[in-house]
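To keep things clear, I will list the structure first and then write my remarks on it.
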Amino acid sequence: MALIAVIDDDETIRELIAAALRFEGYEVVEADNGVSGLEMVREHRPDLVVSDVNMPEMDGFAMMQALRADPAIQATPVILLTSLQEREHVRSGMTSGADDYLTKPIVFDELREATAAQLNKQLMRQSAQARAMGTAIATALSNQKKQLIRLYEQRLLAELGEKWPTAESVVEDRKFANATVLFVDVVNFPALAEKLSSSELSEVVRQFYNNAGDTVYLFGAYHMQFVGEGLLAVFVDSTDTDTVNSGLRATKAALGLIDSAHRVQGFLVSHFPGRTLPRFEVGVGLNSGAVTLAKLEDPLRGKSQILPVGDAVSACLLLQKQAQQADWKIAASASLLREVTGMVKTGRRKRFSAPGRSSAIDATELLGLTP
């Protein structure tokens, strides 16, 4: 049976979590702070760690970073426990390597499901690793290493070229040789606007975009802004998210936005009973490529705003529109899929002819993450 380490300085909460896990048949070891918890993990090598964030001596985030830095235990999955007010901790955890997080007060059904999911993933990873041993994996790793070296050299040269100052350069602009663009829009906004009053529609839109902003924020968006009724976000690879690439974080955010739309549909049903309303649904486009965040000045008001520009941005907006007509929830470009190969489940494929573009866009329906 799987061994689970529970780390929490609150004795009551720790004992409740331990009792619930033992009831499910798991073995449990406990610690009351991050320092002793880390030593316990090194000694017992548990299959899963469930840790609070706010603890004395060493908080859960620091404990997880130390765990990830230790080759002997770095693959151990970690579920962080945090209150709803600790958004910075949640974002740090998700972008730096935590496998999942749960908010307090703990709902034990959620704890049971999250625990089972992480243990199942661990078993599948171990099984895949066992099957992948031998000459074939050594050859694949060698080829991958050569490819990564070439990619690193190309990106380094491109970034050095972009950052080298010229007379024409605009200091305020930020250029990224490779970024991931996400655009989400409400599919049937005109139909909802026809059925709801302006105040009712405002509440529905606020419900979604408050959740959408939190979701995009938690997965480390570098920049986000509203475009009409839609939300545009740009994800980049940076030092505080070096363990999870921008493409995968944007993909997770897109899946979270689909879940947020389902919750808003539940809000519609519960708050407007008996009214025949169209379903609340959203469509998401994902694309990767070069992006510039241009700083635009308003000389009349003395203010400035940031505008994401580049073909990657334009193609993402067009991709979302075309995919919406094809009844896809999430449409990912070929360049985005290269960033997340092996980590996502896909569906239909199509070559979209976008108005105003000389070439079509190759796109794939994105269904979820692989186990």
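Please treat every number below as a calculation from the coordinates, not as lab data. Every value quoted in this text rests on a predicted model; they were computed, and no experiment measured them. We place every Cβ from the backbone using ideal geometry, glycine too, and count neighbours over all the protein chains shown.
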Residue-count net charge about Gln122 - beta-carbon cut-off 13 Å; Lys, Arg +1, Asp, Glu -1: 0
Region 279-367: C-alpha gyration tensor shape, a/c 1.5 cut-off, then a/b vs b/c: prolate
For region 1-90: span of alpha carbons on each principal axis (Å, largest first): 34, 31, 19
Label point distance in nm, Thr103-Glu297, each placed 7 Å from Cα along Cα→Cβ: 4.2 nm
Length released on extending from Arg279 to Arg150, taking residue separation times 0.36 nm less the Cα-Cα span: 41.7 nm
When each of Lys175/Lys295; Lys295/Lys329; Lys321/Lys350; Lys121/Lys345; Lys175/Lys350 is checked by Cα-Cα distance, pairs over 21 Å: Lys295/Lys329; Lys175/Lys350
Highest average packing first - 188-200, 319-331, Cβ atoms within 10 Å: 319-331, 188-200
Cα→Cβ-extended label distance, 7 Å offset, between Ala191 and Ala19, nm: 4.9 nm
Interchain or long-range residues, amide H under 5 Å from Lys104's placed H: Thr82, Ser83, Leu84
Pairwise FRET efficiency - Ala360 versus Asp327, Cβ, R0 = 22 Å, nearest 0.05: 0.70
Karplus (6.51, -1.76, 1.60) ³J(HN,Hα), θ = phi - 60°, over region 254-268, in Hz, Gly and Pro reported as x: 4, 5, x, 5, 5, 4, 4, 5, 4, 5, 5, 4, x, 4, 4
Rh by Kirkwood over Cα pairs, then Stokes-Einstein D for region 1-50 at 0.692 mPa s and 37 °C, µm²/s: 310 µm²/s
